[in-house]
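Undergrad: Handing you this structure, nothing more for now.
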Amino acid sequence: MSTPPDSSPPPLRSSDEQSVGDPVPDGLMSHSAPDPSRVEGSVYDGLLEHHDVVGDDARWAFGTAFEDPLAGVDTTVPDDVDASALAAYCLMLGDDALVLSHRLSEWCSRAPDLEDDIALANIALDLLGQARLLLARAAAADPSVVPPLPEGSPVPAEDALAFFRDAGELRNVRLAEVANGDFAHTVVRLLVLATVRLAVLGRLVGSRDPVLAAIAAKGVKEVTYHRDYAGRWFVTLAQGTEESRRRLLAAVAELWPLCEEPLQVHETERAMARAGVGVDPGEVRDEVDAVLGQVLAAGGVDRPDVAALAGVGGRTGRHGLHTEALSRMLAEMQVVARAHPTGRW
Amino acid sequence: MTATAPSSPSTGSGQARIWDLASSVPDPSTGSGQARIWDLASSVPDPEMPMLTLADLGVLRGVREHDGQVVVTITPTYSGCPALATMRDDLVHRLRDAGYAARVEVALSPAWSSDWITERGRRALRDHGLSAPGPAPRAPAGGPVALDLGPTRRRLSCPRCEAADVALVSEFGPTACTAIYRCRSCLEPFEHVKEI
């Protein structure tokens with residue numbers, strides 16, 4: 001690497017160079033970007049091993065500020081669609097992704113091998129991306145769903161929804177939230193939730209809400225990989241060693257009572273399906289049954305004949321009724337954000 | 001820095017949409033302002049695969065001028081792609097350095113496809129030891145996506161030694177868009193950009 005001789009002061013690359021369309025207050029960035037003209041280089045040099053990149057001034061922008069993930073996307077709600085119901089629906093889809101993403105991310109550095117550690121982190125990242133878009137869409141449709149934060153807080157709406165709602169305000173199904181068990185437990189949970197999600201997103205591509213349709217079209221491609229991954233591991237564990245099969249069967253037995261809930265319809269889902277905006281999960285039951293049947297058969301596993309975990313007074317995860325596991329998970333997930341509601345990162 | 005304006009679609013019908021968008025940009029030989037903006041924006045490298053420009057990767061969707069400001073449209077490769085904010089900042093800086101006030105917008109639809117990686121981008125990937133994606137799978141319109149429980153089959157060759165005897169290590173690689181392979185001939189691992 002060669003650097004041009006330059007006696008001028010190092011260029012400032014901080015908040016004064018943020019997008020002018022999205023002005024950022026001074027001091028928002030956590031650190032100033034490294035100065036590429038410094039002779040001793042910086043810790044980032046190793047990342048830029050290609051000669052056509054090193055010294056490329058415009059590349060020095062590693063500090064990133066908050067941004068609107070829907071910048072430039074038309075988030076106008078169709079005239080005849082109830083905006084608050086649309087927001088509630090987006091929270092349901094978004095919270096499923098958010099909570100499952102967090103459970104998967106808990107495997108970071110703990111998976112059985114490096115490849116699966118990376119695979120689970122990749123899947124978690126895809127789901128977090130979907131969650132971010134869906135929570136941002138909920139906030140754009142109905143700003144009143146966003147928890148109030150202190151004046152001057154830089155926390156964007158989707159982060160406020162992720163980090164400043166209590167368990168009772170989350171709308172995810174309970175299957176997404178129960179605490180991690182062993183790897184087989186994660187495989188079974190991911191298989192069922194990815195199967196339902198792929199079937200729902202596949203139909204949501206035709207949503208009358210163009211934002212939901214676009215999020216779904218991207219999600220279909222991603223969740224296809226997630227479902228295949230989980231399906232292959234399900235069969236591998238089921239047909240592997242005596243121990244792997246024992247663990248898989250135990251996971252199936254433990255989780256199956258929770259597998260009915262994602263197929264039950266909540267009134268918001270029904271209303272949004274009727275409006276041509278959402279999907280009634282009851283509609284995907286046959287497809288989900290067929291896919292799960294295929295995996296169970298390939299693994300030589302009988303479909304458990306167990307009763308679904310009941311709600312309380314008819315309320316389940318979609319109503320904000322959760323297991324204790326979600327509160328514990330949120331306590332860890334939200335603690336830093338809640339400690340610094342006006343924090344700038 | 002060389003920057004090419006979109007010229008001809010290279011592979012696959014999946015590129016039709018992006019070239020439609022890009023076709024509103026004048027030929028750079030005319031020297032018009034918008035062509036220069038396109039050239040500047042299309043020369044910005046991808047943060048995670050810097051051998052590719054954003055145009056080569058197919059995430060750069062268009063440039064336009066609005067109220068005296070340059071508006072650049074990009075699309076994420078994957079929903080959770082952490083590089084998007086860096087792309088945004090790099091574009092704004094590149095254009096700012098050239099004297100343009102710029103902002104970046106996101107286009108979610110149509111969703112990015114690996115088919116949009118240009119022929120030049122595919123060559124750059126291979127030149128840097130990455131395997132370029134094959135044609136993206138096409139889901140039957142409106143129908144369910146078929147479950148695939150078998151090993152993923154791709155006809156690849158090692159980007160280092162060109163041997164065809166390669167093995168999939170994992171469908172999920174160090175970035176959201178790559179899978180990890182190993183060459184059984186030269187024994188080197190390599191990344192393959194996944195088809196989506």
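Undergrad: What residues does segment B:60-94 have that are buried by at least 30 Å² of accessible area in the full protein assembly compared to the chain on its own, 1.4 angstrom probe?
TA: Correct list: B:Y78, B:S79, B:G80, B:A85, B:T86, B:R88, B:D89, B:D90, B:H93, B:R94.
Undergrad: Please check segment B:107-122 for residues whose accessible area, probe 1.4 Å, is lower by 50 Å² or more when all protein chains are in place than in their chain alone.
TA: B:L108, B:A111
Undergrad: Where does each of A:106-114, B:102-110 land if you order them by average Cβ count within 10 Å, highest first? Present the calculation step by step, with values, prior to reporting the outcome.
TA: Working: A:106-114: 12.9, B:102-110: 20.3.
Per-residue Cβ counts within 10 Å, averaged per peptide and sorted highest first, yield B:102-110, A:106-114.
Undergrad: Accessible area drop of at least 50 Å² (1.4 Å probe, protein heavy atoms): which residues of segment A:82-117 qualify, relative to the chain alone?
TA: A:E115
Undergrad: Give me the summed buried accessible area for the B-A pair, 1.4 Å probe, to the nearest 100 Å².
TA: Working: alone 10540 and 17180 Å², together 23040 Å².
Approximately 4700 Å² gets buried when B meets A.
Undergrad: What is the percent carbon and sulfur in the accessible area of segment A:287-345, measuring with a 1.4 Å probe over the protein chains and ignoring ligands? Display every interim value, and only then the final one.
TA: On the way: 1770 of 3240 Å².
About 54 percent, which is the carbon plus sulfur part of the accessible surface.
Undergrad: Can you give me the Cα centroid spacing of segment B:71-122 and segment A:161-176 in angstrom?
TA: Each part reduced to its Cα centre gives a spacing of 32 Å.
The values are calculated or read from the model by the stated rules, or taken from the named source; none is laboratory data. Note that the coordinates shown come from a computational prediction; the quantities given were computed from them, not determined experimentally. Positions of Cβ are generated from backbone atoms using ideal geometry, with glycine treated the same way; all protein chains shown enter the neighbour counts. For the accessible areas, the whole protein counts, side chains as well, though only heavy atoms, and no ligand, DNA or RNA atoms are used. Shrake-Rupley method; radii C 1.70, N 1.55, O 1.52, S 1.80 Å.
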